[in-house]
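Peer 1: Dropping a structure here in structure tokens format, bear with me for questions.
What follows draws every value from the coordinates through simple rules; no lab data is involved. Everything quoted here is computed from the prediction, not taken from an experiment. Cβ sites come from the backbone with ideal geometry, for glycine too, and all protein chains shown count toward neighbours.
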Amino acid sequence: MLSVLDAEAKILDLATLPQASEQIERLDLHLAQGRVLAETVVSPLDVPHWDNSAMDGYAVRYADVQAATAGPSATLTVIETIPAGQSPTQAVGPGQAARIFTGSMMPMGADTVVMQEMTERQAAQVRILETPEPGQFVRRQGSFYQAGHPLLFPGISLNGPEIAVLASAQYAQVRVYRQPRVAILSTGNELVQPGTPLQPGQLVDSNQYALAALVHRAGGIPMPLGIIPDQPQVLRDAIATALSQADLILSSGGVSVGDYDYVDQILADLGATLHIRAVAVKPGKPLTVATFPSGTAGATSLYFGLPGNPVSALVCFWRFVEPALRKQSGLGQGWAPGFVPATTSQPLRAGGRRETYVWGHLRMTPQGYSFEQAGGSHSSGNLVNLAGTNGLAVVPVGTTLIPAHEPVQVMMVGDLRSA
Ligand code: AMP
Ligand code: MG
């Protein structure tokens, strides 16, 4: 059995960054939120685009005001008003000033802005009450950025700040990586869809829905392919279909050692290479990771055979699938899971032989992060206490108890809340 770290390294090695041009699409900027940039962004414009004022006030020649007291030498004639968005029509000459506002273009001749609060206006004259610094409150053209230099690089996630930069660089559209398509199959004769009255022995397929939600959240496009009975031919056809449509395939169930666990054999029959068959993790031990030589767009397709137990399936998704999915979505970095140091509110117990993930609630408190184990049974078949889970506390191999109020590493799997 592989350790969690070895499994993670192997999986991240198998997850390939998008390369082919068909893996890139152009989107209107409004639709780019959360997507991954696939081009180097260069602006044709300097920022600021031209010399402009950082204040409401008066554009002056520093030479005229450097000895400003309240005396006559600091009284200037206002020759025009320059609202933001208009060009000055005259140059400012000796003894002159122009009324100016934040963002207004600086007129020729002027080199300094005196803020309004340091002036006194009398009809066409303005008195400068205090000597400014030379060049004060002028935002020089190109002082923040010079046209033609790279501004943003491929592999970053686009959110408000990056989209602001794109807009100001004149990008009405932007090239982003196509989102990985993720096929989801639930295997098991016992499974039925939600809403179906249960016959004895049947169970509702929750994994299909949970995994689709997590795929969506991680930036993939979920393709739910439904419930597949434990019949080798049907399962084989379903996997072949998934392979023709998806970049990544997730199945749940059928990877253990039971009589109806056919997934690994079918993968081998279909020509896949099996890289992982079990990981020393709890919940989750049976985890199959395989690759097919060519999936959509000629790229390698990655297959995850997740355990069927609902908690095991989710923990394996968070710990192993999500980083691979994020890497395949083109992110240059930041795909590895985030761990934070927290203090556990309760004692955390584990068997000591496998790295154990205890699900629960991670909160920010004035003293730091605090972890509270979910109440109720921690059987991997119990999903009723999963709701609200945003952290998985890690009990390392060799540790059977982390006492209450002791430090623990917690993997973040949801939004952080404050206490
Ligand atoms: P398996 O790995 O196929 O032996 O399944 C292990 C356990 O997980 C069994 O109790 C299954 O009934 C349950 N299970 C399998 N698939 C799902 C699913 N899609 N949704 C909920 N439970 C499942
Ligand atoms: Mg099964």
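Peer 1: Contour minus end-to-end for Gln122 and Thr16, with contour as 0.36 nm per residue of separation and end-to-end as the Cα-Cα distance?
Peer 2: Values: separation 106, 0.36 × 106 = 38.16 nm, distance 6.95 nm.
The span from Gln122 to Thr16 would gain 31.2 nm if fully extended.
Peer 1: I've got another one for you. Starting from the 7 Å offset along Cα-to-Cβ, what nm value, one decimal, do you get for the label separation of Thr241 and Thr399?
Peer 2: Inter-label distance under the simple model: 4.5 nm.
Peer 1: Along each principal axis of its Cα atoms, how long is the chain end to end? Whole angstroms, biggest number first, please.
Peer 2: 100, 51, 41
Peer 1: Then there is this: Relative to the compact-globule scaling 2.2 N^0.38 Å, provide the ratio for the alpha-carbon radius of gyration of the stretch 52-139. Present the calculation step by step, with values, prior to reporting the outcome.
Peer 2: Values: Rg = 11.1 Å, N = 88, 2.2 N^0.38 = 12.1 Å.
For the stretch 52-139, the normalised Cα radius of gyration comes out at 0.92.
Peer 1: How do the peptides 245-251, 39-45 rank, highest first, by the average count of neighbouring beta carbon atoms within 10 Å per residue?
Peer 2: The packing order, highest mean first, is 245-251, 39-45.
Peer 1: What's the magnitude of the charge dipole for the stretch 52-139 around its Cα centre, counting Lys and Arg as +1 and Asp and Glu as -1 at the beta-carbon? Answer in Debye, nearest 20. Write out the running numbers ahead of the final one.
Peer 2: Working: 5 positive and 8 negative charges, 30 e Å.
That gives a dipole near 140 debye.
Peer 1: In percent, how large is the relative contact order of the chain, given Cα pairs closer than 8 Å and 6 or more residues apart?
Peer 2: 16 percent
Peer 1: Turning to a different aspect of this structure: Please give the peptides 202-208, 88-94 ranked by average Cβ packing (other Cβ atoms within 10 Å per residue), highest first, as a rough proxy for protection.
Peer 2: Details: 202-208: 19.6, 88-94: 14.7.
Put in order of decreasing packing, that is 202-208, 88-94.
Peer 1: About the Cα centre, and with charges only on the beta carbon of Lys, Arg (+1) and Asp, Glu (-1), how big is the dipole of the chain? Nearest 20 debye, please.
Peer 2: On the way: 25 positive and 32 negative charges, 83 e Å.
Around 400 debye, computed over the chain.
Peer 1: Mean residue ellipticity at 222 nm from the helices of the chain, using -39,500 (n - 2.57) per DSSP H segment of n ≥ 4 over the full residue count, to the nearest 500 deg cm²/dmol? Write down the numbers at each step before the final one.
Peer 2: Working: 8 runs with 70 residues, N = 419.
So the helix-based figure for the chain works out to -4500 deg cm²/dmol.
Peer 1: Output ³J(HN,Hα) for the stretch 128-136: one whole-Hz value per residue in order, computed from phi by the Karplus curve 6.51 cos²θ - 1.76 cosθ + 1.60 with θ = phi - 60°, and x for Gly and Pro.
Peer 2: After applying 6.51 cos²θ - 1.76 cosθ + 1.60, I find 9, 8, 8, 6, x, 6, x, x, 4 Hz.
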